[in-house]
Amino acid sequence: MNKTESVVVVKDLKKYFPLKISWLEALRKKEKPTVKAVDGISFDIKSNEALGLVGESGSGKTTVGRSTIRLIEPTNGSIKIHNQDIMRLKGENLRKARKNFQIIFQDPMASLNPYMSIGKSVMHPLEIHNIGSSFKERKEMVLELFNKVNLKPSSEFFNRFPRQLSGGQRQRVVIARAIITNPKFMVSDEATAMLDVSVRSQVLKLMLQLKDEYKLAFLFITHDLASAKYICERISVMYLGKIVEIASTRELFEHPLHPYTKILMGAIPIPDPTIKRNKIMPKGEIPSPTDMPTGCRFRTRCPYAKKECEDMDMKLIDMGNNHLSACPFIK
Amino acid sequence: MLSEKIGKNIKQLVGDSSGIMFLVGLFLLIIFVIMAVFAPYLAPYSPIKPTGAPLLHPQASHLMGTDNLGYDVFSRVIFGSRMAFSIAAIATVVAAAIGIPTGLIVGYIGGKLDSVITMIMDSVYTFPGLILAIAIAAMLGQGLINISLSIAVVYIPTYYRVIRSQVVTIKSELYVEGARAIGAKSPTILSKYVLPNVLPSTIVVLSMNIADAIMTEAGLSFLGLGIAPPTPDWGYDLSKGQQFILQNDWWLVVFPGLAIILIVLGFSMFSEGLNEYLNPNIGEKR
Amino acid sequence: MSQENSLEIKNLNIEYLTRSGTVHAVKDASFSVAKKETLGIVGESGCGKSTTGHAILKLLPSNARTKGEIVYKGRNVLTMPEKEVRHLRGKDISIVFQDPMTSLDPIMRVKDHFLELMRAHKPNVKEEEVIQTASEALEAAGVSKKRLDNYPFEFSGGMRQRVMIALGIALKPNVIVADEPTTSLDVVVQEQIMEVFRHLKKTKDMSIVLITHDLGIVAELADKVVVMYAGEVMEYADVYNLYKNPLHPYTQLLLKSVPNIKIDDMELHHIPGSLPDLKNLPQGCRFYDRCPFAKEKCKKEEPPIFKVDKREVRCWLYE
């Protein structure tokens with residue numbers, strides 16, 4: 001595989017959830033109503049590259065993360081990870097392929113089985129994928145990894161249970177479990193959102209370090225642009241099932257183009273009382289995906305919305321510098 | 001379940017000191033277990049032979065008096081605990097052995113299978129327990145195993161329902177999704193991630209269930225569907241004793257009745273205390 | 001701080017009795033809130049900020065034991081009989097909770113929530129008066145009065161939080177306690193809710209106690225700040241000086257840890273270690289384990305509050 005080739009290539013990913021309707025309604029309507037949680041998203045991630053996926057709740061970002069590794073079944077799209085066509089895999093083959101792509105969830109406490117010691121939790125993927133020949137060898141691998149993620153003394157931590165750990169330590173256990181099979185692709189779904197500020201950076205640093213060491217392709221899903229900045233080479237911004245802007249991190253922070261990105265950036269509170277910004281704020285809140293606006297999905301809240309926005313499609317346009325934006329009016 | 005209600009009410013009475021409740025329950029149970037295990041040594045007479053004049057009042061030679069055939073009531077109460085425990089144990093084990101795996105697997109698989117099985121279980125569950133047990137017992141006839149089986153059938157849905165509802169909740173927990181994400185097979189997920197998390201509540205149901213099974217067994221014997229006399233059995237003694245209550249021969253009813261009450265109370269308090277111990281979320285607020 | 005205080009907290013101690021031991025949730029907290037002032041209580045999980053906030057309205061669970069004083073209008077709320085505290089709640093001091101979905105009754109219309117609140121203080125209140133008051137309050141919180149007949153589920157998260165705020169300000173209380181009012185919301189909606197608070201600060205005559213873990217929100221809204229760690233007030237200062245020149249090592253490190261949006265600052269900072277066990281606290285300073293300036297004395301003796309200029313800091317460095 002040559003260096004610039006992407007580890008993860010996702011094309012036109014769609015996930016529609018069926019809406020619950022009564023059987024009477026179902027008889028009348030030909031087409032079943034759906035919620036378009038993810039509506040045609042494409043991205044690619046290279047080895048040792050982190051792509052940020054930023055958006056509010058309801059934007060569909062979590063659904064993207066889970067569909068990409070088929071924890072939920074995508075409605076449509078093609079997914080290639082490490083040159084393997086993930087969408088074609090079935091049953092046993094998919095299960096075996098899972099060692100190549102892992103996910104870190106938001107809530108570390110809920111991600112760990114409360115009745116399994118953290119050592120066993122982290123060892124379990126090795127057993128499932130037949131890595132290592134004996135318990136002893138596997139335990140060695142776990143202990144080594146515990147040292148790496150700073151759960152020291154590792155042999156003491158091995159027998160502890162999730163409830164005996166702090167939030168930051170738990171998340172490091174979850175990260176250790178995700179990395180132990182030596183995956184090529186890692187999804188982090190708001191992995192630092194529930195952590196306190198004083199430990200959040202530590203987990204961010206750990207993810208950065210592992211990304212470098214394992215040459216991971218990283219999909220960093222977050223609502224927090226500030227956290228994404230530290231991890232990601234590129235950032236994509238999502239709104240109501242669509243990517244509205246994608247650019248290198250520096251480019252995005254210095255020249256945000258899409259109105260939504262600008263608003264998102266302006267809304268982050270800055271811990272400095274001397275700064276008083278003039279904030280542009282959108283009207284209202286993110287509309288329900290069951291009741292999506294026509295044309296540009298952001299137009300109902302966009303401070304710059306005009307007539308043309310009602311019937312444009314949200315195609316990403318290259319504005320130069322590999323900076324793509326779905327708003328044709330702001331360049 | 002009745003025993004659950006009893007336990008909850010007692011808990012309200014004792015308030016925060018549920019530890020005491022647990023200990024009292026445990027104490028009662030230990031006494032009954034000792035009674036059952038050491039019955040031949042503890043009972044002064046044989047429970048199935050006349051050992052004195054009929055209908056003696058409680059006195060030094062017969063602590064709880066004698067019945068109309070001259071059997072020693074005290075000895076019968078002691079030996080009766082054996083019957084209560086063995087039937088309750090067999091019934092509970094059979095019910096659990098069928099109810100728990102069914103609930104576990106059906107709950108995890110879900111879908112149409114779940115709807116069908118749950119409907120069947122629910123229809124059994126809605127049937128009044130004692131009446132169902134009577135019907136089955138009448139069909140199967142007397143005898144230890146038959147009685148145990150008819151009681152077991154009544155309690156299978158209890159296990160099924162508790163386990164299934166827990167599995168449905170746990171199934172959507174993040175750690176189960178996490179287990180899928182690392183590539184675990186369904187049987188592995190069930191045994192390593194789901195089962196350990198439903199087990200604590202199973203143990204609580206188990207101990208409550210024993211209390212209910214004892215009551216049902218007493219009920220069956222009371223109605224003459226239980227164990228063939230003269231085998232000592234509290235329910236049978238109770239029903240026989242009630243014929244003499246108008247003659248003021250109160251001891252025939254009071255002592256077997258008290259035994260039933262105390263053992264049920266013991267199990268209820270024990271299981272409610274256990275529930276709180278295994279379920280830290282109930283007690284500890286922050 | 002010589003101006004008139006609407007609320008004064010003196011040596012507040014709160015413990016929770018649990019089966020596994022006593023949780024020392026708050027220790028010796030003292031601070032005051034002046035009229036028209038916004039006080040931010042900031043800290044990480046387990047620092048005691050919410051417990052402190054709830055104590056102001058005597059809204060603690062039954063296993064909580066309190067000592068000290070919360071003085072409102074010359075009287076100690078903590079020793080007031082429940083009946084009198086109920087008269088205070090909503091009318092004199094009100095609270096806005098973190099999660100507006102669970103704090104609003106799902107089967108009551110918005111109007112009914114206002115009715116209930118006002119009836120508690122004035123049993124025979126007329127419907128017109130309720131609608132009048134509710135409309136004004138809703139408008140101040142940015143909700144149309146047309147929505148009085150709606151049920152909570154018909155509102156979005158941000159709108160529900162606005163309704164909660166409207167309920168909080170309806171009876172024109174002197175103090176409003178806002179417990180993590182934006183935590184469950186997205187940044188954009190959070191900004192909208194902060195705008196509501198800014199507007200309230202400008203237009204209404206009340207003190208706000210703002211409880212949050214977010215140093216950015218405190219910086220934007222508060223006049224004075226209490227920084228809490230492991231149940232203690234570590235630093236107490238006005239917002240400008242606190243951010244410009246944090247005294248306590250914890251405040252310094254905490255401020256550094258906040259991820260910022262300056263693209264040229266890629267340095268990540270964190271505080272090593274974790275919070276001490278509140279059931280089994282160390283003898284000396286509670287921040288000792290994690291403090292880069294810790295001395296021998298810090299391990300043995302718990303620092304008292306030291307006054308530096310007009311500020312307060314609990315650290316031996318300022319002895």
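The values are calculated or read from the model by the stated rules, or taken from the named source; none is laboratory data. These numbers were taken from a predicted model, which means no experiment stands behind them. Here the Cβ positions follow ideal geometry from the backbone for every residue, glycine too, while neighbour counts run over all protein chains shown.
Some points to look at:
- Matching residues in region A:21-45 - criterion: being surrounded by fewer than 19 Cβ atoms within 10 Å (Cβ to Cβ) and either under 21 Å from B:Gly178 (Cβ atoms) or under 18 Å from the mean Cα position of the chain (by Cα) (or both): A:Gly40, A:Ser42, A:Asp44
- In summary, A:Glu5 fulfils each of the numbered conditions (1) under 29 Å from A:Pro287 (Cβ atoms); (2) in contact (Cβ under 8 Å) with a residue 24 or more places away in the chain with the single exception of condition (1).
- Region A:83-115: number of residues that are within 26 Å of A:Ile221 (Cβ to Cβ), of a type outside the set (Gly, Ala, Ser) and either within 10 Å of chain B (Cβ to nearest Cβ) or touching a residue at least 24 places away in the same chain (Cβ under 8 Å) (or both): 19
- Filtered by the rule that a residue be away from every other protein chain (no Cβ under 14 Å), farther than 20 Å from C:Lys91 by Cβ and either outside any strand (DSSP E or B) or in contact with a Ser or Thr (Cβ under 7 Å, 6 or more places away or on another chain) (or both), region C:21-33 gives a lone residue, C:Ala29.
- Unique residue being under 30 Å from B:Ser191 (Cα atoms) and either touching a strand residue (DSSP E or B) at 6+ places or on another chain (Cβ under 8 Å) or not charged (D, E, K, R) (or both) when the list is B:Tyr108, B:Tyr45: B:Tyr108
- Hey, A:Val199 out of contact with any Cys (no Cβ under 6 Å at 6 or more places or on another chain) and either under 15 Å from A:Ser111 (Cα atoms) or surrounded by fewer than 23 Cβ atoms within 10 Å (Cβ to Cβ) (or both) or not: no
- The number of residues in region C:223-267 being of a type outside the set (Val, Ile, Thr), more than 20 Å from the chain's Cα centre (by Cα) and under 25 Å from A:Thr192 (Cα atoms) comes to 12.
- Residue count for region A:222-241 satisfying the condition of being away from chain C (no Cβ under 14 Å) and at pLDDT 95 or above: 1.
- Residue match in region B:276-286 (condition: modelled with pLDDT of 85 or more and either among the hydrophobic types (A, V, I, L, M, F, W, C) or closer than 23 Å to B:Ala43 by Cβ (or both)): no
- Among the candidates A:Thr290, A:Thr294, residue that is in a loop (DSSP other than H, G, I, E, B) and either at the interface with chain C (Cβ under 9 Å from one of its Cβ atoms) or not aromatic (Phe, Trp, Tyr) (or both): A:Thr294
- Identification of helices (runs of 4 or more DSSP H) wholly contained in region A:65-181 with 1 or more residues that are surrounded by 17 or more Cβ atoms within 10 Å (Cβ to Cβ) and touching a strand residue (DSSP E or B) at 6+ places or on another chain (Cβ under 9 Å) yields A:91-97, A:108-111, A:118-128, A:167-179.
- Exactly one residue among B:Thr216, B:Thr231 is under 15 Å from the mean Cα position of the chain (by Cα) and more than 14 Å from every other protein chain (Cβ to nearest Cβ), and that residue is B:Thr216.
- So A:Pro33, is it more than 30 Å from A:Phe298 (Cβ to Cβ) and modelled with pLDDT under 95: no
- Residues that are among the aliphatic types (A, V, I, L, M) and in contact with a Gly (Cβ under 7 Å, 6 or more places away or on another chain) were ranked within region C:15-50; the one that is farthest from C:Leu281 (Cα to Cα) is C:Ile41.
- Of all residues in region C:150-182, those being of a type in the set (Ser, Thr, Tyr) and either within 11 Å of chain A (Cβ to nearest Cβ) or within 19 Å of C:Glu136 (Cβ to Cβ) (or both) number 2.
- Qualifying residue in region C:89-100 (condition: within 14 Å of chain A (Cβ to nearest Cβ), within 20 Å of C:Glu37 (Cβ to Cβ) and either surrounded by 15 or more Cβ atoms within 10 Å (Cβ to Cβ) or not hydrophobic (A, V, I, L, M, F, W, C) (or both)): no
- Number of residues in region C:257-292 that are loosely packed, with under 13 Cβ neighbours inside 10 Å and away from chain A (no Cβ under 14 Å) equals 1.
- In the condition set (1) among the charged types (D, E, K, R); (2) more than 30 Å from A:Glu127 (Cβ to Cβ); (3) out of contact with any Ser or Thr (no Cβ under 7 Å at 6 or more places or on another chain), B:Lys192 is compliant with all but (2).
- Residue check: C:Asp186 meets all listed conditions (1) over 19 Å from C:Ala137 (Cα atoms); (2) more than 7 Å from chain A (Cβ to nearest Cβ); (3) charged (D, E, K, R) but one, namely (2).
- C:Gly40 touching an Asp or Glu at 6+ places or on another chain (Cβ under 9 Å) and either surrounded by fewer than 17 Cβ atoms within 10 Å (Cβ to Cβ) or modelled with pLDDT of 95 or more (or both): yes
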